[in-house]
Amino acid sequence: MLFNSISFIYFFPIVATLFFLSPQRWRWVILLISSYYFYMSWNVDYVVLILFTTLVSYFSAIKITQLTNLTQRKIYLWISIIASLGVLFFYKYFNFFGQSINQLLGFIQSSERVPYMDLLLPVGISFYTFQTLSYSIDVYNHKIEPEKHFGIYALYVSFFPQLVAGPIERSTRLLPQFRMNQKLKTENIIEGAKWIIYGYFLKLVIADRLALYVNTVYNHAEHHTGGAFLIASVLFAFQIFGDFAGYSGIALGIAKILDIDLMVNFKRPYFAHSIGDFWHRWHISLSTWFRDYFYIPMGGSRVSVPRWYLNLYLTFLVSGLWHGANWTFVIWGGLHGIYIVLENIFKLAPAKKKLETWKRICRALIVFVLADFAWIFFRANSMSDAVYIIHQIVTNLSFDYINYKILFYGLIGIFIMLLVDIRLEVKENSELINNKLSIKSVFFFTGLVLITLFVGVFDGGQFIYFQF
């Protein structure tokens with residue numbers, strides 16, 4: 001079930017109605033059943049995986065707090081980690097590493113081969129496994145007491161608004177909210193509706209409209225030249241932002257109506273004035289997850305300078321691999337790792353003082369170009385395609401394919417998005433997003449609804465991050 005599907009349009013109002021009509025002590029049941037139904041609408045069989053990781057991490061966390069022996073506590077922590085990472089590795093990376101090993105074996109002329117497994121990647125597996133990992137580690141580090149109520153913990157792992165594409169919520173933030181007495185509040189409905197409308201606008205008007213052009217070019221790389229690739233690459237930067245930020249906005253709005261707060265996952269990343277700033281604004285729940293559970297445990301910046309640079313680079317390299325089982329994603333992560341290391345070596349990140357407007361614009365454009373270059377590898381179907389696309393952009397900048405209708409409607413959407421982002425950059429708690437209802441915001445969001453209805457692409461297109 002997709003947020004941009006007819007079935008979800010019926011699903012959510014029913015869930016919200018049952019939720020608020022039920023006594024507080026039974027609301028977790030409504031949400032848990034709804035979340036598992038939401039997940040099973042893709043593939044009933046794979047519900048076993050989420051249930052398995054939930055059970056292992058739940059009982060492991062309880063054992064961790066019951067034991068005083070450090071070795072025994074570590075054993076149960078590793079049981080939980082191996083269970084979550086094992087499921088993730090097998091379904092997402094087994095064939096990837098198997099094929100890489102087979103290529104190596106073929107190079108050395110060995111007849112041995114790693115078998116290929118016909119596996120369907122479970123939706124959202126990278127997200128819910130990271131939530132169970134962070135929960136187990138937080139319990140081990142005494143940051144949170146283990147949740148004794150299995151149903152509420154299962155809801156934390158499977159909460160449907162953020163189950164399949166984040167944000168990756170922390171147990172310290174989300175778990176306590178399921179024990180609160182949520183109320184149907186007018187201000188929550190207003191703020192939630194604003195997030196939902198804007199999220200659908202980003203998805204249907206920007207992401208899915210631009211995808212018509214980007215997919216045509218990138219999926220038939222051999223038929224196009226550098227000019228088409230340049231346009232498609234710039235548009236993809238806005239496509240993936242509209243797609244993922246749109247999903248995150250809808251998720252935040254749905255949860256807000258239920259009186260549950262999810263973290264804001266995007267804060268105008270293309271206005272970033274450094275690569276470090278970009279990663280403080282893009283997919284914030286993931287970047288902070290890697291910071292807290294990978295980068296800092298490796299020593300963070302509290303090590304020698306060379307080791308610090310290595311820690312930074314490895315964090316981005318692994319982050320790239322998290323995004324997908326393809327060397328293109330590894331290169332994408334590695335490029336950002338190189339960017340961030342060079343930025344620190346040459347101290348390119350600006351000081352805390354406020355930058356002059358023209359300097360901020362210039363730095364934002366440079367960051368966009370660097371990020372957009374890396375997006376080529378992220379979007380390319382293969383390494384050979386990525387190399388071909390870059391070569392064509394550099395050597396053959398002719399324009400063989402331009403769809404003016406797609407570009408026109410897509411640019412309208414991008415223009416409106418930039419106006420919103422400029423407004424929020426100046427005043428983050430703007431009436432555009434907060435729970436206040438003014439004449440200006442009524443006209444603005446009514447306009448967004450009309451634009452979405454007339455310009456949006458309603459083909460039920462899947463959100464990009466569902467594949468991760």
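Excluding same-chain neighbours fewer than eight residues apart, the lysines reachable from K185 by a Cα-Cα span under 29 Å are K194, K203, K256, K267, K427, K436, K440.
Can you give me the Cα centroid spacing of the stretch 143-172 and the stretch 1-72 in angstrom? Cα centres, the stretch 143-172 to the stretch 1-72: 8 Å. Here the spin labels are modelled as points 7 Å beyond Cα on the Cα-Cβ line, and at V29 and Y93 they lie 4.1 nm apart. For the stretch 402-413, 3J(HN,Hα) computed residue by residue from phi via the Karplus equation (6.51, -1.76, 1.60; θ = phi - 60°) reads 9, 9, 5, 5, 4, 5, 4, 5, x, 5, 4, x Hz, glycine and proline entered as x. I want to make sure I understand the PRE zone here: with the label point 7 angstrom from the Cα of F399 toward its beta carbon, which residues in the stretch 228-247 have backbone N atoms less than 20 Å away? From the stretch 228-247, the list is 228-239. Classify the stretch 101-218 as rounded, prolate or oblate, taking a ≥ b ≥ c as the square roots of the eigenvalues of its Cα gyration tensor: rounded when a/c is under 1.5, otherwise prolate if a/b is larger than b/c and oblate if not. Since a/c reaches 1.5 but b/c is at least a/b, the shape of the stretch 101-218 is classed as oblate. Look at the alpha carbon pairs under 8 Å that are at least 6 residues apart: their mean separation over the length of the stretch 1-86 gives a relative contact order of 19 percent.
For the stretch 6-182, what does the convex hull of the Cα positions come to per residue, in cubic angstrom?
Numbers: hull volume 23.9 nm³, N = 177.
Expressed per residue, the convex hull around the Cα atoms of the stretch 6-182 is 135 Å³.
The relative contact order of the chain comes to 19 percent, based on Cα pairs under 8 Å that sit 6 or more residues apart.
Taking a ≥ b ≥ c as the square roots of the Cα gyration tensor eigenvalues, the chain comes out rounded, since a/c falls below 1.5.
Ranking V367, V157, V420 by Cβ neighbours within 10 Å, fewest first, what do you get? Kindly include the intermediate steps, with their values, before the conclusion.
Details: V367 22, V157 25, V420 19.
Fewest-to-most Cβ neighbours within 10 Å comes out as V420, V367, V157.
Mean separation of Cα pairs under 8 Å and 6 or more residues apart, divided by the residue count, gives the stretch 6-182 a relative contact order of 30 percent. Measuring between their Cα centroids, the stretch 363-404 and the stretch 290-345 lie 23 Å from each other.
Since every read-out is calculated from the coordinates, none of them should be taken as a lab result. Predicted model, so just to flag it, every value in this text is computed and none were measured. Please note: Cβ atoms are built from the backbone with ideal geometry, for glycine as well, and neighbour counts cover all protein chains shown.
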